[in-house]
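Here's the structure we're looking at; comments come further down.
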Amino acid sequence: MRYGIHTDITGSFDGAPMNAIDELVARAREAHSLGLDFYIPQMFQIDALTAIAVVGREVPGLQVGTAVVPTYPRHPMMLATQALTTNAAAGGNLVLGIGLSHQLVIENVFGMSYDKPVRHMREYLEILMPALRGEQLAYKGEMLGATMLMPNQFDGAAVPPVIVAALGTQMLNVAGRLADGTALWMTGPKTVADHIVPTITKAAQDAGRPAPRVAMGIPVSVTADPDAARERANKIFAMYNNLPSYRAMLDREGAGGPADVAVVGDEETVAAELRRMADIGATDLTLPVFGSPEERARTMTLLGDLAKNG
């Protein structure tokens with residue numbers, strides 16, 4: 001299992017101010033020194049793929065990923081070109097995470113229709129995947145179309161794996177058939193073991209594809225005060241209680257809120273919980289580290305130990 005951190009321009013989700021690019025590079029260097037992967041979400045303040053092109057160039061050998069780029073605002077052929085450019089800049093170490101975002105965001109922020117999201121993602125991948133591979137393409141779907149006659153690939157840069165933010169059964173089936181795996185968030189271990197892994201694995205097998213990557217994102221903090229950490233998690237991640245896709249995963253898990261899926265405790269407790277994720281089928285961990293500076297330092301040290309020693 002690969003260990004990585006999930007960071008945004010507030011650093012550790014606790015409101016700490018950052019100079020975005022310089023600070024991201026500094027955090028990426030820290031992650032790489034510990035043997036960790038580095039994931040950046042697509043935020044309104046910063047473009048994840050542009051930032052990753054810089055980070056990947058500044059920190060050679062670091063696996064970098066998006067968690068995740070919304071599909072609606074970017075045509076899949078444009079995203080393919082940008083992803084290949086970023087992957088070349090990052091030495092072929094990009095993991096391209098994409099997702100629908102949320103109806104509230106797509107309709108109210110971008111002013112776009114969120115109609116038929118599963119069909120949208122299926123058609124998106126049917127264009128994106130061959131475009132990334134540099135294949136000729138003539139596609140006309142109900143919602144999207146594309147024609148590509150010339151190869152669209154950088155020499156010497158591998159095609160980046162594509163993981164899809166897929167939580168529901170239909171989306172997991174699409175991701176398993178057409179992409180390389182799924183990027184999860186706010187989804188607990190019971191749900192991953194009983195729902196996510198069996199569904200996407202069967203879809204991949206039925207399509208004759210390799211076993212899918214399951215990148216599991218959950219908040220983590222090594223702390224001497226777990227109760228305070230859980231209270232803090234509920235405050236920091238409160239918005240995810242109100243987004244339907246994440247609320248559905250919390251309900252499936254039997255979780256009252258983010259605190260119930262966060263991994264908190266001393267080093268031994270957190271290590272045991274994170275190792276268990278591999279047993280249930282997670283292949284990658286993309287972990288937002290939260291807490292005080294001391295707690296963050298303890299957490300990063302532990303994650304580095306786990307990345308190096310298992």
Rel. contact order, % - alpha carbon contacts under 8 angstrom, at least six apart, the stretch 1-147: 18 percent
Residue-count net charge about VAL25 - beta-carbon cut-off 13 Å; Lys, Arg +1, Asp, Glu -1: -1
Backbone HN-Hα couplings from phi across the stretch 282-293 [Karplus 6.51/-1.76/1.60, Hz, Gly and Pro as x]: 5, 9, 9, 10, 10, 10, x, 8, 10, x, 5, x
Coordinate range along principal axes, alpha carbons of the stretch 41-91, Å, largest first: 31, 22, 13
CD proxy at 222 nm, helix term only [per DSSP H run n ≥ 4: -39500 (n - 2.57); per residue of the chain; nearest 500]: -13000 deg cm²/dmol
Rg and Dmax of the chain, Cα atoms only, in Å: 18.6, 59
Under Karplus coefficients 6.51, -1.76 and 1.60, residue-wise ³J(HN,Hα) of the stretch 53-61 in Hz, glycine/proline x: 4, 6, 4, x, 6, 6, 10, x, x
Spin-label model distance (nm) - THR301 vs THR81, 7 Å beyond Cα toward Cβ: 4.9 nm
Amide hydrogen neighbours beyond the local backbone of GLY97, cut-off 5 Å, H modeled: THR66, VAL69, ILE163
Within a Gaussian network of the chain (alpha carbon springs, distance under 10 Å), most fluctuating of ALA228, ALA131, ALA165: ALA228
Nonlocal amide H pairs with GLY181, under 5 Å, H built at 1.01 Å: VAL164, ARG213
Rel. contact order, % - alpha carbon contacts under 8 angstrom, at least six apart, the stretch 92-148: 22 percent
GNM top mover of VAL222, VAL162, VAL270 - the chain, alpha-carbon springs below 10 Å: VAL270
Area projected by the alpha carbon convex hull of the stretch 194-310, averaged over all directions, nm²: 7.9 nm²
Fraction of accessible area attributable to carbon and sulfur, the chain (%, probe 1.4 Å): 52 percent
Built amide H within the under 5 Å cut-off of VAL222, gap 5+: THR299
Between the stretch 185-216 and the stretch 248-310, the Cα center-to-center distance that results, in Å: 19 Å
Counting DSSP beta bridges with both ends in the chain, the antiparallel % (nearest 5): 15 percent
In order through the stretch 225-235: 3J(HN,Hα) via Karplus (6.51 cos²θ - 1.76 cosθ + 1.60), integer Hz, x for Gly, Pro: 10, x, 5, 5, 5, 5, 4, 5, 4, 4, 6
Accessible solvent surface per residue of the chain, calculated while the other protein chains remain in place, 1.4 angstrom probe, Å²: 42 Å²
Solvent exposure, largest accessible area first (probe 1.4 Å, DNA, RNA and ligands not counted), of THR201, THR269, THR187: THR269, THR201, THR187
By accessible area with a 1.4 Å probe, ligands and nucleic acids excluded, highest first: order of ARG276, ARG74: ARG276, ARG74
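The values are calculated or read from the model by the stated rules, or taken from the named source; none is laboratory data. Quantities reported herein were computed from a predicted structural model and do not represent experimental measurements. Here the Cβ is made from the backbone with ideal geometry for all residues, glycine too, and neighbour counts use every protein chain on show. Just so you know, the surface numbers come from the protein's heavy atoms only, side chains and all, with ligands and any DNA or RNA stripped out. Shrake-Rupley method; radii C 1.70, N 1.55, O 1.52, S 1.80 Å.
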